[in-house]
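The values are calculated or read from the model by the stated rules, or taken from the named source; none is laboratory data. Owing to the predicted nature of the structure, the values given are computational and were not obtained by experimental measurement. Using ideal geometry, Cβ is built from the backbone for each residue, glycine included, and neighbour counts are taken over all protein chains shown.
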Amino acid sequence: MNHLIQLRHTLHRFPEVALEEVQTAARIVDFFRPLKPDQIIENLGGTGLAFVFKGAKLGRRILFRCELDALPIEDLAPTDHQSQIPGKGHLCGHDGHMAIICGLGEKLSQNRPESGEVILLFQPAEETGDGAKAILKDPRFEEIRPDFAFALHNLPGYPLHQIVMRIGTFAAGSTGMSVYLKGKTAHSAHPESGINPAQGLARLMKELPKLPKTLSHFGLLTLIHADLGSLAFGTSAGRASLSMTLRAFDQKDLDDLIEKVKAKAKAVAEPEGLEVDFSFVEQFAVSVNDPDLYRVVENAAKNLGLSLVEKTEPFRWSEDFGLFSQVCPSFLFGLGAGEACPQLHEGAYDFPDELIETGIGMFWGIMKGFH
Ligand SMILES: [Zn+2]
Ligand SMILES: [Zn+2]
């Protein structure tokens, strides 16, 4: 176990953010080569990696997924493995998730699955929502297209080693959305000759956050940035933009909310002669847990003697593992990181090393549940 903790600390010292995970991927390949997987797929969807362990007989293909990327946030935890890269840190615990999958690889190298295949997937760019999309788009994904997919995320605020579960939606879907208003600049002495989007922007800032209330289930619209004209006092503004994050627990609600924002923006902009346009970034699908896989995960937790808690409401944050739940029956569960652990994405956060063994045990138990 010590060497997995050391591996985690090395990954932690050299964090790489979304789509830049080249050294991290190289370190993981170095770790896996001596384990002699039956197949290694590199550069999958960018910097992604898949390691295939085959059983003697035909059977089902089970995928376990972890993430390669760190965050563009300063690591403030004064540990001996503190980040060596200014402004970047493994503050979501993806270093720990990788160590878990590496430990699972060691076990598989000693004991191949009885039947079928196990795929260990190291996915890039989870934090931006680009990674899962890129993996699924890569033609080589067909070689590892799973029958079932599993992932875990450590969860500060829950007792250490507690398993956090939910059938159906586990984590919200979300998208970044920008609304652009284009009018016409004019001399600020004659604003009536131009089309200034200021009033339209103000109306949208006031009215858009109310839209989620018109959905039948949970939805949330959070304004994150606004921009109007430029700092030129002789010029009446001719353009504006407003950016927001939309969230919902149901994919249809999220799609409805997007349409409502579009309709409202058009209704505000067009009478004022403003052109309106939209763009989307950081799109995360809703993470939906398959009810039939619940027992498999539950049994794995019980066999390890772990406490188990059922969430009544989904989490409001998003995970791009949600896209896998559109490909095959999938299950994402939480692994408690301790009540005193700083929250994910906080500068003081550091993945608890004790969870590595628990994570390996959970995935191993899940795999055994199929064979
Ligand atoms: Zn994160
Ligand atoms: Zn994360």
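Within the stretch 216-236, being surrounded by fewer than 10 Cβ atoms within 10 Å (Cβ to Cβ) and not hydrophobic (A, V, I, L, M, F, W, C) holds for S216, G234. Considering L306, L293, L335, the condition of being within 23 Å of W364 (Cα to Cα), within 15 Å of ligand 1 (Cβ to nearest atom) and not β-branched (V, I, T) is satisfied by L335 alone. Within the stretch 315-331, restricting attention to residues that are within 12 Å of ligand 2 (Cβ to nearest atom) and buried (at least 21 other Cβ atoms within 10 Å of the Cβ), the residue that is farthest from D138 (Cα to Cα) is S318.
Only a single criterion out of (1) part of a helix (DSSP H, G or I); (2) of a type outside the set (F, W, Y); (3) away from ligand 1 (no atom under 16 Å from the Cβ); (4) surrounded by 15 or more Cβ atoms within 10 Å (Cβ to Cβ) is not satisfied by P271, namely (4). Evaluate the following for E143: is it surrounded by fewer than 19 Cβ atoms within 10 Å (Cβ to Cβ), at pLDDT below 95 and out of contact with any helix residue (DSSP H, G or I) (no Cβ under 8 Å at 6 or more places or on another chain)? Judged against the criteria, E143 is not a match. Within the stretch 202-215, the residues that satisfy the criterion of being of a type in the set (A, V, I, L, M) and touching a helix residue (DSSP H, G or I) at 6+ places or on another chain (Cβ under 9 Å) are L204, L208, L211, L215. Just one of G359, G334 is surrounded by 17 or more Cβ atoms within 10 Å (Cβ to Cβ), at pLDDT 95 or above and assigned to a helix (DSSP H, G or I); which is it? Only one candidate passes the filter, namely G359. Among the residues of the stretch 287-314, those identified as of a type in the set (A, V, I, L, M) and surrounded by 18 or more Cβ atoms within 10 Å (Cβ to Cβ) are V288, L293, V296, V297, A300, A301, L306. The set of residues from the stretch 296-311 being in a helix (DSSP H, G or I) and in contact (Cβ under 8 Å) with a residue 60 or more places away in the chain comprises V296, V297, E298, N299, A300, A301, N303. Out of the residues in the stretch 96-112 that are under 14 Å from Q6 (Cβ atoms) and among the aliphatic types (A, V, I, L, M), state the one that is nearest to ligand 2 (Cβ to nearest atom). Among residues in the stretch 96-112 that are under 14 Å from Q6 (Cβ atoms) and among the aliphatic types (A, V, I, L, M), the one nearest to ligand 2 (Cβ to nearest atom) is M98.
Of everything listed in (1) part of a strand (DSSP E or B); (2) within 16 Å of ligand 1 (Cβ to nearest atom), the single unmet condition for F278 is (2).
Let me confirm something: among E42, E67, E114, E74, which residue is in the same structural domain as E354 (by TED's automatic domain parsing), within 16 Å of ligand 1 (Cβ to nearest atom), surrounded by fewer than 21 Cβ atoms within 10 Å (Cβ to Cβ) and charged (D, E, K, R)? After ruling out the rest, the residue left standing is E74.
For the stretch 130-170, the set of residues classified as in a loop (DSSP other than H, G, I, E, B), within 16 Å of ligand 1 (Cβ to nearest atom) and either farther than 25 Å from P342 by Cβ or of a type in the set (G, A, S) (or both) consists of D130, G157, listed by residue number. If the condition is being aromatic (F, W, Y) and within 16 Å of ligand 2 (Cβ to nearest atom), then the stretch 141-190 contributes F150, Y158, F170.
Any residue at all in the stretch 287-295 that's farther than 21 Å from F370 by Cα, within 16 Å of ligand 2 (Cβ to nearest atom) and at pLDDT 95 or above? Yes: the stretch 287-295 contains one or more residues that are farther than 21 Å from F370 by Cα, within 16 Å of ligand 2 (Cβ to nearest atom) and at pLDDT 95 or above.
When each of P34, P15 is tested for being crowded, with 18+ Cβ neighbours inside 10 Å and over 21 Å from F150 (Cα atoms), the lone residue that passes is P15.
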